[in-house]
Amino acid sequence: FLLAQSALIAALLISRCRRKLAEQSLQESEENLAITLHSIDDAVITTDVDGRVTRMNPTAERLTGWSLVDARGHPLNDVFHIINADTRQTMADPVDQVTAHGNVLGLTTHTLLLARDGTEVQIADSAAPIRNAASEIVGVVLVFSDVTQQYQMEESLQESEARYKAIFEFAVDGILLGSPVGRINGVNSRMLELCGRSLNQLLGQPVWSLFDAQELNVCPLDFEALDQGGIVTKQRNLLRPDGTKLPVEMHSKKMPDGSYQSIYHDITERQQAELALKESEVRFSKAFKASPEAITITSLDDGVFVEANDIFLKIVGLPREQVIGHTSLELGFWVDAEDRQRFVDALSDAGLSKKSEISYHAPNGDKRILLVSSERIDLQGKPCSIKFVLDVTDSKQAAAELEQHRHHLAELVRTRTEELAVAKDVAEAANLAKSAFLANMSHEIRTPMNAIVGISNILRRGGGLSPQQAAHLDKMDSAAKHLLSLITNILDLSKIEAGKFVLEDAPVAIPSLLDNV
């Protein structure tokens, strides 16, 4: 009995020791698990087979906004609330899916975790079953991580790729992608338009097939310059299927993988504009040189002569090399301080678009007068002043002489007018004297004539006259009356000259008038 009792006690002690060792091992395992959960960066949540939270590490607490104390015992959906980022619909409980199938489950993309405070976190998640020694599912473990930044980077990359594709496809310039050996790997729509070819006609073809072979012999494609890095710019002519050539400017750059990209810009309009500009410059140069007016171009920055035509050089009497590159002040053209200041003003913006007279001394000592008209122009991007210079010295002198002659003529006219006025006064005085004389003489003659007429009337009335004497009296009377009529007319003339003659309204006796005639 004692032996059996000792054996039983020994068995109990051994069982207790084993249980203690098991408990100690379990405690160590729990501690190791807690250390592991606290040290990993991913969030971890464990549940029992009913889906209630049993464990959470600090990362899971931070992302969900739930502490382990608050979350333990709660259904997983309360703590781990996930929705679809696109549809905003609540997603299925991963515990149900894992326990139903017993497999590891990975969540779909675009999964959002709604934290306890309402914040949203983009996550990547997986769930796996927890099995006991008998392979029975006793719980679920969820491992998830915050991929918000990664997701944003992926979205940004996708958007960037989309923008690149849009820029590539809808760029106003042609874009060509070339392989390291010079084959065409891709082109955009604009490049097809420039080449006048289809995509199938270009892909895989050598880049140099786009150009005229003779042109390439003279100026080959510079692949060595591409190997040196940087952007290589060249002007070429694309050879189109119809034989026409399209001038383009190429900007090429080698990529890190050995391929390269080229941008082709149509420069047809630019070349036409440059040609038109050159033709305009030629026409301007011809007009500048052939102009009958003196023309100069001076810089507004420093006032030096940029150009001058031969007429101006002839006016100032200096060779071109002594004028171009110098200012008028340096050459000492200007006579007076006022002229110098007017010239300085003419070089400024305020002095443009106006006319001014400037005096200068020619090398031979002559003083000349110039009429200068200024306008602002841009010459090769540099602000300048173009001046039209007219030598008005001779015209000024002619105008002065004409003014002198005009004054002399005016003096002559004034003198002659005064002489005519005196002559007029003399003539009028003589005329008045004549009128007065006629009036006096008429009165003096009328008095004896009245006596003659009166005596002839007395003799006629006395009677005793012979017929011959009566005829003589009649003739004497007629002559006296005729003479009186003449005297009356002379008096009328003097009245007319004096402005005192008045016409008389009286009947005319035609028979008597004819008898008198």
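The values are calculated or read from the model by the stated rules, or taken from the named source; none is laboratory data. These numbers come from a predicted model, not from an experiment. Using ideal geometry, Cβ is built from the backbone for each residue, glycine included, and neighbour counts are taken over all protein chains shown. To get the accessible areas, we keep the full protein, side chains included, count just its heavy atoms, and leave off ligands, DNA and RNA. Shrake-Rupley method; radii C 1.70, N 1.55, O 1.52, S 1.80 Å.
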Check your understanding: When you look at residue 435, is it open to solvent by 60 Å² or more (accessible area, probe 1.4 Å), over 20 Å from residue 480 (Cβ atoms) and small (Gly, Ala, Ser), yes or no?
Key -> no
Practice item. Would you check which residues across the stretch 391-411 are over 19 Å from residue 358 (Cβ atoms) and open to solvent by 90 Å² or more (accessible area, probe 1.4 Å) and list them? Key: 401, 402, 404, 405, 406, 407, 408, 409
Practice item. Provide a single number: the residues in the stretch 38-79 that are assigned to a loop (DSSP other than H, G, I, E, B) and either modelled with pLDDT of 90 or more or of a type in the set (Gly, Ala, Ser) (or both). Key: 7
Practice item. Kindly indicate the residue of the stretch 115-135 that is among the hydroxyl-bearing types (Ser, Thr, Tyr) and not in a strand (DSSP E or B) and also modelled with the highest pLDDT among those meeting that condition. Key: 119
Exercise for review: Could you check how many residues of the stretch 84-95 are under 19 Å from residue 53 (Cβ atoms) and touching a residue at least 24 places away in the same chain (Cβ under 8 Å)?
Suggested key: 3
**Study point:** the stretch 242-291 - residue that is aromatic (Phe, Trp, Tyr) and modelled with pLDDT under 75 and, of those, nearest to residue 310 (Cα to Cα)
**Key:** 288
Review point. Do you know which of the residues in the stretch 372-388 that are without any contact (Cβ under 8 Å) to a residue 40 or more places away in the chain and under 22 Å from the mean Cα position of the chain (by Cα) is most open to solvent (accessible area, probe 1.4 Å)?
Key: 380
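Of everything in the stretch 173-210 that's among the hydrophobic types (A, V, I, L, M, F, W, C) and open to solvent by 40 Å² or more (accessible area, probe 1.4 Å), which residue is farthest from the chain's Cα centre (by Cα)?
Among residues in the stretch 173-210 that are among the hydrophobic types (A, V, I, L, M, F, W, C) and open to solvent by 40 Å² or more (accessible area, probe 1.4 Å), the one farthest from the chain's Cα centre (by Cα) is 181.
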